[in-house]
Structures are given as structure tokens and as C-alpha cells.
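A short worksheet on the structure shown next.
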Amino acid sequence: MARALVVYDTLKGATRAIGELIAKGLMDNGVEADVKKAVEIVKESDLAGYDAYIFGSATYHGEMMSSMKRVLFLAEKVRLNGKAGGAFGAYGWSGEAPRRIFDTMYHILGMRMVIEPLPLKSPSEPEAVKRAEEYGRVIAEKLTALP
């Protein structure tokens, strides 16, 4: 069974909720998913052994949160080149974090980004729930279809 790691950082819990919805979409479609807060990722081995990585952060002053930046720096030391990836996050007004995470995963880490980033204003809206679960489903389908 394919395995995915969903790592998030959050200000008020919205990005955590989005990550959990993405994980549900993954699991409902045959992919084992672990959901962890960015502060739980402290060493390279915490990132090892997954087929897909989905990273998310709230946008704070136009940036991703510092603990997600730390995870991305740590991920540079792990061979994630060619692994499946996705990026997500909650935002209040601007929502830059998911795109910045996506670009780092693609350009710096050399990951195969299987879907565009998912910025959501609130995970409690019905459309947001559907979009987040769908995000996980799309990643699961592409992941299980890979050789």
C-alpha cells in the first residue's frame, strides 16, 4: 500500500483541519496517510519511507510559517527527488504560503508535483471540505497509478 505524509503548520487550526481532510481523501482512496504537525518533524528519518509528501502552512504576513520553512530545509537533506507532492494552506487575506511551498518542493527538492497547490480560506465551508478531500483523492489516484 502506498504511504503519504501530510505535514502542516497552523495558526488557529484551519491548516490542520485541511490537512486532515486531505488525509481522509487519501485514505478513502487506498493510500495510508500520516498527519503530523511541522514541529514533530525534527530529523531526516522523520521524513523517510513515504511515497508522497503533502506540505501545508498558514499564510502569515505573506509567508509560510517558520516551522514549515525548517521542514523544507530538512527535506533538502532527504532524497525526495521524483517523489509525489502537493501543497496546501489556510489564509486570511492573501494565501501565498501554498504556492511558495509548492515552488520549493518542485524547484529545490525536485519533487513531482501531481496537482496545483490548494489554498483555502476556511476548511469549515462545505465547498472547502469537498475540495480538500478531492485534493487527497487526486493525489491518491496519481500515486497508485505510478509504476
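Give, rounded to the nearest 20 debye, the magnitude of the charge dipole that the chain has about its Cα centre when Lys and Arg contribute +1 at Cβ and Asp and Glu contribute -1 at Cβ.
With Lys and Arg at +1 and Asp and Glu at -1, about 240 debye.
In debye, nearest 20: dipole of the range 69-147 around its Cα centre with unit charges on the Cβ of K, R (+) and D, E (-)?
In total the dipole reaches around 360 debye.
So, R0 is 25 Å and r is the distance between the beta-carbons of THR144 and LYS12; what FRET efficiency does that work out to, to 0.05?
Here the calculated transfer efficiency is 0.15.
Any lysines with Cα under 19 Å of the LYS12 Cα? List them, leaving off those in the same chain fewer than 8 positions away.
Here the lysines satisfying the reach criterion relative to LYS12 are LYS36, LYS37, LYS69, LYS121.
So what are the ³J(HN,Hα) numbers for the range 117-126, from phi and the Karplus equation (6.51, -1.76, 1.60; θ = phi - 60°), rounded to whole Hz, Gly and Pro as x?
x, 10, x, 10, 6, 8, x, 8, 6, x
Could you work out how much longer the chain between HIS61 and LYS43 gets when fully extended? Use 0.36 nm per residue separation minus the Cα distance between them, nm to one decimal.
3.8 nm
What nm value, rounded to one decimal, do you get for the distance between MET27 and LYS130 when each label is placed 7 Å out toward the C-beta?
2.3
For all pairs of alpha-carbon atoms in the chain, what percent lies in each bin of width 10 Å, listed from the first bin to the last filled one?
Over the chain, the share of Cα pairs per 10 Å bin runs 14, 49, 34, 4, 0 percent.
Leaving out ligands, DNA and RNA, what percent of the accessible area of the chain is carbon and sulfur, probe 1.4 Å?
That fraction is 52 percent.
Take HIS107 and PHE73, extend 7 Å from each Cα along the Cα→Cβ direction, and tell me the distance between the two endpoints in nm.
Result for the modelled spin labels: 1.9 nm.
Please give the per residue accessible area of the chain, computed with a probe of 1.4 Å over protein heavy atoms only, in Å².
Per-residue value: 49 Å².
Just to be sure I understand: of the beta bridges DSSP finds with both ends in the chain, what percent are antiparallel, rounded to 5?
10
If the reach is capped at under 13 angstrom between alpha carbons, list the aspartates and glutamates near LYS83, excluding any in the same chain fewer than eight residues apart.
Result set, ordered by chain and number: ASP51.
Using Cα-only point scatterers and the Debye equation, what is log10 of I(q)/I(0) for the range 32-84 at each q in 0.15, 0.18, 0.21 Å⁻¹, rounded to two decimals?
Treating every Cα as an identical point scatterer, log10 I(q)/I(0) equals -0.42, -0.60, -0.80.
The values are calculated or read from the model by the stated rules, or taken from the named source; none is laboratory data. The structure presented is a predicted model; accordingly, all values stated were derived computationally and were not measured. Here Cβ is always computed from backbone atoms with ideal geometry, including for glycine, and neighbour counts include all displayed protein chains. Heads up: the accessible areas ignore ligands, DNA and RNA and are worked out on the full protein's heavy atoms, side chains in. Shrake-Rupley method; radii C 1.70, N 1.55, O 1.52, S 1.80 Å.
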